[in-house]
1. State whether one or more residues within the stretch 74-88 are touching a residue at least 40 places away in the same chain (Cβ under 8 Å), surrounded by fewer than 21 Cβ atoms within 10 Å (Cβ to Cβ) and within 16 Å of L174 (Cα to Cα).
2. Out of all the residues in the stretch 3-22, is one or more outside any strand (DSSP E or B), within 28 Å of S125 (Cα to Cα) and among the aliphatic types (A, V, I, L, M)?
3. For the stretch 20-32, how many residues meet the condition of being modelled with pLDDT of 90 or more and either within 16 Å of A236 (Cβ to Cβ) or in contact with a strand residue (DSSP E or B) (Cβ under 7 Å, 6 or more places away or on another chain) (or both)?
4. Are there any pairs, at least 6 apart or on different chains, whose C-beta atoms fall under 8 Å, with the first in the stretch 32-44 and under 18 Å from N124 (Cα atoms) and the second modelled with pLDDT of 95 or more and acidic (D, E), and if so, which?
5. Sort out which residues of the stretch 96-139 are assigned to a helix (DSSP H, G or I), of a type in the set (A, V, I, L, M) and touching a helix residue (DSSP H, G or I) at 6+ places or on another chain (Cβ under 8 Å), and write them in order of number.
6. Just to be sure, is A211 more than 23 Å from V87 (Cα to Cα) and of a type in the set (G, A, S)?
7. Given the condition in contact with a His (Cβ under 8 Å, 6 or more places away or on another chain), outside any strand (DSSP E or B) and closer than 28 Å to L241 by Cα, answer yes or no: does some residue in the stretch 164-183 qualify?
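The values are calculated or read from the model by the stated rules, or taken from the named source; none is laboratory data. Everything numeric in this text was worked out from a predicted model, so none of it was measured. Virtual Cβ from ideal backbone geometry, glycine too; neighbours counted across all protein chains shown.
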Amino acid sequence: MNAVKAIILSAGQGRRLLPLTENSPKCLLPVADKPVLAWQIDALFAAGVEEIIIVAGFQVGLIEALLETRYAEQPNIKIVFNPFYEVADNLASCWMARHAMDGDFLLLNGDTVIEAELVKRVLNSKPAPITLSVDFKDSYDADDMKVQLDQDGLVKQVSKIVPAHEIDAESIGLIYFRDQGPLYFCQAMESALRHPAELKSWYLSIIDQLATQHLVHSCSVKGFRWCEIDFIEDLAKAGMLFSE
């Protein structure tokens with residue numbers, strides 16, 4: 001495994017979790033008495049990640065305070081500020097961190113609690129320019145980021161609106177870029193952001209585009225612990241999952 005860094009997208013407020021996020025970004029909400037962001041940082045370092053870049057926006061000072069309190073002895077954590085978090089979606093956060101995409105890196109949403117063993121599974125996955133972490137379940141709801149795969153595990157499409165009969169898995173919001181993958185992603189991102197409407201796009205729209213070029217492979221993380229925090233009930237679910 002090459003030296004790898006991780007980029008965590010944590011600029012948003014998380015309005016669907018109001019009033020809990022009225023004065024705090026959702027990446028700082030507690031899960032089993034530990035902030036979501038701390039779960040992520042601890043899992044990434046435990047898995048062998050060497051550097052972490054956090055793209056922050058809403059209440060960035062609280063995130064800085066967490067790092068000063070909990071990770072004062074860890075110099076390999078940096079914050080990139082995204083001043084456009086209220087008017088753009090997470091593709092713009094990726095743009096703010098593009099300078100860090102100069103080698104192999106992991107990209108993950110700031111609202112997904114993960115365990116170290118899951119990260120290790122992805123880091124040791126079959127070599128590919130872009131690897132999308134996926135899980136499987138019996139049915140998928142409207143908010144799931146759905147994935148269609150071919151028989152070899154290549155991603156054919158990833159979107160919330162994949163037709164029901166074409167859904168094979170869901171994205172957990174963790175992607176591994178290797179070799180030429182960072183270059184492909186940055187080029188596609190820059191091309192997209194030349195159009196003002198794309199400021200409201202998710203970075204997975206770029207992955208969906210690159211999937212048509214057969215550049216995106218999948219890595220199953222079935223059986224490993226993870227939980228995306230979108231709604232208040234997700235906090236309880238994550239708390240039970242990660243207090244075991």
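1. Within the stretch 74-88 (the criterion being touching a residue at least 40 places away in the same chain (Cβ under 8 Å), surrounded by fewer than 21 Cβ atoms within 10 Å (Cβ to Cβ) and within 16 Å of L174 (Cα to Cα)), the answer is no, since none of the residues qualifies.
2. Narrowing the stretch 3-22 to residues outside any strand (DSSP E or B): 3-4, 11-22.
From what is left, the residues that are within 28 Å of S125 (Cα to Cα) are 3-4.
Add one more test, that the residue is among the aliphatic types (A, V, I, L, M), and what stays is 3-4.
Within the stretch 3-22, one or more residues are outside any strand (DSSP E or B), within 28 Å of S125 (Cα to Cα) and among the aliphatic types (A, V, I, L, M).
3. Matching residues across the stretch 20-32 total 8.
4. Hits for this filter: A43/E115.
5. Of everything in the stretch 96-139, those that are assigned to a helix (DSSP H, G or I), of a type in the set (A, V, I, L, M) and touching a helix residue (DSSP H, G or I) at 6+ places or on another chain (Cβ under 8 Å) turn out to be A116, L118, V119.
6. Criteria met by A211.
7. Taking every residue of the stretch 164-183 in turn, none turns out to be in contact with a His (Cβ under 8 Å, 6 or more places away or on another chain), outside any strand (DSSP E or B) and closer than 28 Å to L241 by Cα.
Conditions tested, residue by residue: (1) in a loop (DSSP other than H, G, I, E, B); (2) touching a residue at least 40 places away in the same chain (Cβ under 8 Å); (3) out of contact with any Leu (no Cβ under 6 Å at 6 or more places or on another chain).
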| position | (1), (2), (3) |
| --- | --- |
| S191 | no, no, yes |
| A197 | no, no, yes |
| I206 | no, yes, yes |
| L210 | no, yes, yes |
| S218 | no, yes, no |
| K222 | yes, yes, yes |
| C227 | no, yes, no |
| A236 | no, no, yes |
| L241 | no, yes, yes |
